[in-house]
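Input: a single structure, listed below in structure tokens.
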Amino acid sequence: MPVPYYDWAAGHAAIRPDAMAQVDIQNGRHSTYAQMDERSARLGRWLQDRGVGRGDRVAILAYNGPEFFELEFAAGKTGAVMVPLNWRLVQPELEYILGDCAPKVLIHDIEFAEMCDALRRACNIPHGLAIDVESAENSYDAALASVPPEPALEALTHDDLAMIMYTSGTTGRPKGAMITHRMHLYNCINLGFSSRLSPDTIQLVVLPLFHTGGLNCYTNPVLHAGGQNIIMREFEPAAALDYIGDPALGITHFFGVPAHYQFMMQAPNFETADLSRLVMCGVGGASCPVPILEAWLDRGVPLVQGWGMTETSPAGLFLDIRDTRRKAGSAGKPVMHTEIRIVDDKGSEVPRGETGELLIRGPNVTPGYWNRPEATEAAFVDGFLKTGDAARMDEEGFVYIVDRWKDMYISGGENAYPAEIESVIYQLPQIAEAAVIGVPDERWGEVGKAIVVLKPGETLSEQELISHCLTNLARFKVPASVAWTDSLPRNATGKVLKWELRKDYVPEG
């Protein structure tokens, strides 16, 4: 069977079939490249026998597992389009997404069987398969066993769709970012050499695989390089540290959002964990407070920050490992084959050192949103994607993501960026979690409000926190008040949901 040029599973199966591709660490399931390729070929044949062809969508609602990549490569062989679904969404939210993308098949974990049966009825999805990692008797494995590994290969181009990935939809209905095979390839190119990936790479995967960070940082690039992914179905901080420290596993790479590193720092085994085999650790998804970066750097871990989004496949900026401490807090410089601009509200480029909105273009950028031509048109200007992130560039060309453009608030005519303030608050040793939002104020228009979680057994007064901020920040940036809470609302990747905080702490009207 010929190997399509975009099918890395088949490529490595032909060259090094016995090399380990992926391991489900919590139940011991594992597959070599030959086994992964065979299973994806069987899934592709099963889909074709049910009428799934080029451009047809196949959705998956599941916890982390090898099935994500079996479906990804099955879709690549047959021309189908994979739609990963966020398992934290409730049924009406999923019903909207499935109604929008209209899949022919819904693959799901057995835990979601009742809801998925209802979703299939509501959205007229003809076929379903259930994954059950606790039992070999499940419809997913039975389907693969029922057909030969011989799909009719579809001749695709890099402009064909590989996936539709729905954005979180925190400000409205989610949009389906169209992900092409070209975007996948350039993400592998851009992250492959910069993240020191090779056939010897072994990555611990903790981000949810329905998210671009889970699938593509560095998981897909690891498979492109012929390395191995060790997959956790769900993240648990102490267990992750134990896996990283286990010489038998030999983990060399890790990627997470700031919350993952923060929670591991708070785990009881952080100080004793053996982190010496780590070649590269990446952090993205949100601006990482410098105290978190420095805590890992102090442990000898090469932790580097980058920046990206679903629409950029996701790598857009990357900080080289040589600059990790010197430029701590920077997201780095544009990845290869990519252009950026930082502009003001009128679209003019801002001088270096000043803050504006980050724009980006290149072969790693989405062509647009599924079924949303008006959203696609609004998202681009002169071929550049408007990211919605506030950024500044220093004199050496290093980019700093200041905050989400929409999370900025204006206090007394001055722009205040919560991420900068949160980084200062994290300097206090009593702090477990912190978020800052803008709230209305009669005198200043808006002022900051800090919502804070303390570490167990710690105490801190509002005045102590404000005094610390006064010492380290201009007065207009200092929170005017503090609210104490037991936890911050986060999405599945660990991002703090600022819109939920505004709903709880900003008075209506």
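Brief remarks follow.
- Evaluating Tyr218 against the criteria (1) out of contact with any strand residue (DSSP E or B) (no Cβ under 9 Å at 6 or more places or on another chain); (2) among the aromatic types (Phe, Trp, Tyr); (3) touching a residue at least 40 places away in the same chain (Cβ under 8 Å) leaves one unmet condition, (1).
- When Val105 is tested against (1) in contact (Cβ under 8 Å) with a residue 40 or more places away in the chain; (2) among the hydrophobic types (A, V, I, L, M, F, W, C); (3) closer than 16 Å to Leu85 by Cα; (4) open to solvent by 70 Å² or more (accessible area, probe 1.4 Å), just one condition goes unmet, and that condition is (4).
- Residues in region 308-317 that are open to solvent by 30 Å² or more (accessible area, probe 1.4 Å) and either over 11 Å from the mean Cα position of the chain (by Cα) or of a type in the set (Lys, Arg) (or both): none.
- Ala13 vs. criteria open to solvent by 10 Å² or more (accessible area, probe 1.4 Å), over 26 Å from the mean Cα position of the chain (by Cα) and without any contact (Cβ under 8 Å) to a residue 40 or more places away in the chain: yes
- Checking Ile466, Ile421, Ile401, Ile410 one by one, the residue that is open to solvent by less than 10 Å² (accessible area, probe 1.4 Å) and not aromatic (Phe, Trp, Tyr) is Ile421 and no other.
- The one condition in (1) touching a residue at least 40 places away in the same chain (Cβ under 8 Å); (2) outside any helix (DSSP H, G or I) that Val447 fails to fulfil: (1)
- So Ala267, is it open to solvent by less than 20 Å² (accessible area, probe 1.4 Å), under 22 Å from Gln228 (Cβ atoms) and of a type outside the set (Asp, Glu): no
- Candidates Pro489, Pro440, Pro507, Pro456: the one that is of a type outside the set (A, V, I, L, M) and open to solvent by less than 40 Å² (accessible area, probe 1.4 Å) is Pro489.
- Residues satisfying the stated conditions in region 88-102, i.e. touching a residue at least 60 places away in the same chain (Cβ under 8 Å) and open to solvent by less than 50 Å² (accessible area, probe 1.4 Å): Ile97, Asp100, Cys101
- For region 213-258, a tally of residues being open to solvent by 10 Å² or more (accessible area, probe 1.4 Å), under 25 Å from Leu317 (Cα atoms) and among the aromatic types (Phe, Trp, Tyr) returns 1.
- Any pair with Cβ under 6 angstrom, 6 or more apart, that starts in region 308-320 at a residue that is farther than 18 Å from Arg341 by Cβ and ends at one that is among the β-branched types (Val, Ile, Thr): Thr310/Thr167; Thr310/Thr212; Pro314/Thr212; Leu319/Val304
- Residue in region 74-83 that is surrounded by 21 or more Cβ atoms within 10 Å (Cβ to Cβ) and without any contact (Cβ under 8 Å) to a residue 60 or more places away in the chain present: yes
- Restricting region 199-249 to residues that are β-branched (Val, Ile, Thr) and part of a helix (DSSP H, G or I), the residue that is farthest from Leu61 (Cα to Cα) is Ile244.
- Region 329-386: number of residues that are in contact with a Pro (Cβ under 9 Å, 6 or more places away or on another chain), more than 24 Å from Met408 (Cβ to Cβ), surrounded by fewer than 21 Cβ atoms within 10 Å (Cβ to Cβ) and in contact (Cβ under 8 Å) with a residue 60 or more places away in the chain: 2
- Filter pass, Asp394 being without any contact (Cβ under 8 Å) to a residue 24 or more places away in the chain, among the charged types (D, E, K, R) and in contact with a Lys or Arg (Cβ under 9 Å, 6 or more places away or on another chain): no
The values are calculated or read from the model by the stated rules, or taken from the named source; none is laboratory data. Note that this is a predicted model, so its numbers are computed, not measured. Every residue, glycine as well, gets a Cβ built from its backbone with ideal geometry; the counts of neighbours run over all protein chains shown. Surface areas here come from the heavy atoms of the whole protein model, side chains and all, with no ligands, DNA or RNA. Shrake-Rupley method; radii C 1.70, N 1.55, O 1.52, S 1.80 Å.
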